[in-house]
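First comes the structure, then the notes that go with it.
The values are calculated or read from the model by the stated rules, or taken from the named source; none is laboratory data. Just so it is clear, the structure is predicted and the values come from calculations on it, not from any experiment. Note: ideal-geometry Cβ built from the backbone for every residue, glycine included; neighbour counts use all protein chains shown.
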Amino acid sequence: MVRRGDSAEALTRLVGEVSAKAVYSNRCHEPAAMARDAEVASHLRAEGITVRTFDAALLLEPEKALNKQGAPFRVFTPFWRSCLERHEPKEPAGGPARIPAPKPWPASLPLDALELAPKVDWAAGIRAAWRPGAQGARAQLARFLDEGLAQYAQGRDRPDLAFTSRLSPHLHFGEIAPRAIWHAVRERSLLGGDAGLVRGAEAYLRQLAWREFAYSLLVHFPHTTDAPLRPDFARFPWQEDEAALRAWQRGRTGYPLVDAGMRELWTTGWMHNRVRMVAASFLVKHLLIPWQAGARWFWDTLVDADLANNTLGWQWTAGCGADAAPYFRIFNPVRQGQRFDPSGRYVRRWVPELAGVPDKWVHCPWQAPAAALKDAGIRLGQEYPHPIIDHTEARERALAAYDHLKGTRTV
């Protein structure tokens, strides 16, 4: 059913057309969506319609995720302990055997009338990478349980290996419930009797809890979508650099792991989480470009673009949010690549111009001997760019900026 117009008015008209007495819905937790839903519920109740909402998209109600002092958690570990102390999330109820349909079926706009599809078809890579819908979500969960869960604790940081669940888009669009994932993972770890499965399940459920933490923060601190949770960061000496931002967006920074991630993002709408951290850190700490610019780009390009997770992730990386990364933690993209993509398989997939560069140099081609680059068919500055900034200089500049901020904080 597709309608266009004011949400409250359109839904009220639809309720009248089908003679409905009640409206049931899942809760949304984004600030704008919460305001919209409150208005819709008020409008419907004024018309005598029963309105019931449910929290099927989360394991916990964010408003109830409070510490012993009644305040929202701002550090993940005590939040996670609190989650473990609660009762196990309820198993999802089975769907109804039959849902009666209205007669006649109300009119609907054709989906094409919304003009959602881009005029230039740039989404072929996204279509190839994903199977949307509940069936695709169930198939992806089954693959993860069979092929990824036992290796998840050790392999989740390896972008060259397929050990992550890739369920985030399905969670975001409500194609699978977190409670269904939680219980499927628990059941597999208990039935498997394998230490790797147990460790993998614990590590993965912790990631589901991180998602819950993100929603708790968004509900309690809605301003953080645009402003830092730590107000002193409003004085951080960010720099505007359109050329550097464009190079980062296009995967042309000269740092292969960063560029591979940004190209994977553009092609498939997704990026491995370890690479997300490295790419985000590069933007805010190497380039000192405001985290909001990175958050906007991820919002525009991710198929799992989730306001809560996106906000928490970028503020964590910049050091201005809850449970934030220490300011002195500045990822070295070369070392990160050598550690987590040791053979360069991931880089070679997404930065094919480096395919012929030997493993030793694939994460730092500017350090390779001229003969190795020639054999690989690479001319730095032409087929592949020089680094747009030196890592050592960038690190020193970032540390100076953070030290300046520390010196200007008010007590």
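For the range 39-90, the candidate set comprises residues that are part of a helix (DSSP H, G or I) and of a type in the set (Phe, Trp, Tyr); within that set, the residue that is surrounded by the most Cβ atoms within 10 Å (Cβ to Cβ) is 79.
Could you tell me which residue of the range 290-304 is nearest to residue 280 (Cα to Cα), considering only residues that are without any contact (Cβ under 8 Å) to a residue 24 or more places away in the chain and out of contact with any helix residue (DSSP H, G or I) (no Cβ under 7 Å at 6 or more places or on another chain)? Applying the filter and picking the extreme gives 296. Only one entry of 392, 311 meets the criterion of being in a helix (DSSP H, G or I) and more than 17 Å from residue 277 (Cβ to Cβ), and that entry is 392. Can residue 360 be described as assigned to a helix (DSSP H, G or I), modelled with pLDDT of 95 or more and surrounded by fewer than 22 Cβ atoms within 10 Å (Cβ to Cβ)? Answer is yes for this residue. The requirement of being under 30 Å from residue 344 (Cβ atoms) and surrounded by fewer than 17 Cβ atoms within 10 Å (Cβ to Cβ) is fulfilled nowhere in the range 164-180; no residue meets it.
Only a single item in (1) surrounded by 13 or more Cβ atoms within 10 Å (Cβ to Cβ); (2) farther than 29 Å from residue 273 by Cα; (3) in contact (Cβ under 8 Å) with a residue 24 or more places away in the chain; (4) among the hydrophobic types (A, V, I, L, M, F, W, C) is not met by residue 111, and it is number (1).
Conditions (1) without any contact (Cβ under 8 Å) to a residue 12 or more places away in the chain; (2) in contact with a Cys (Cβ under 9 Å, 6 or more places away or on another chain), marked per residue:
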residue: 8; (1), (2): no, no
residue: 32; (1), (2): yes, no
residue: 43; (1), (2): no, no
residue: 48; (1), (2): yes, no
residue: 60; (1), (2): no, yes
residue: 68; (1), (2): yes, no
residue: 79; (1), (2): no, no
residue: 84; (1), (2): yes, no
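Taken over the range 220-237, the residue count meeting the criterion of being surrounded by 17 or more Cβ atoms within 10 Å (Cβ to Cβ), out of contact with any strand residue (DSSP E or B) (no Cβ under 6 Å at 6 or more places or on another chain) and either outside the structural domain of residue 403 (by TED's automatic domain parsing) or closer than 25 Å to residue 30 by Cβ (or both) is 8.
Pairing each residue of the range 16-28 that is closer than 24 Å to residue 215 by Cα with any residue that is part of a helix (DSSP H, G or I) and acidic (Asp, Glu), provided the two are 6+ apart or on different chains, yields C-beta distances under 7 Å for 28/37.
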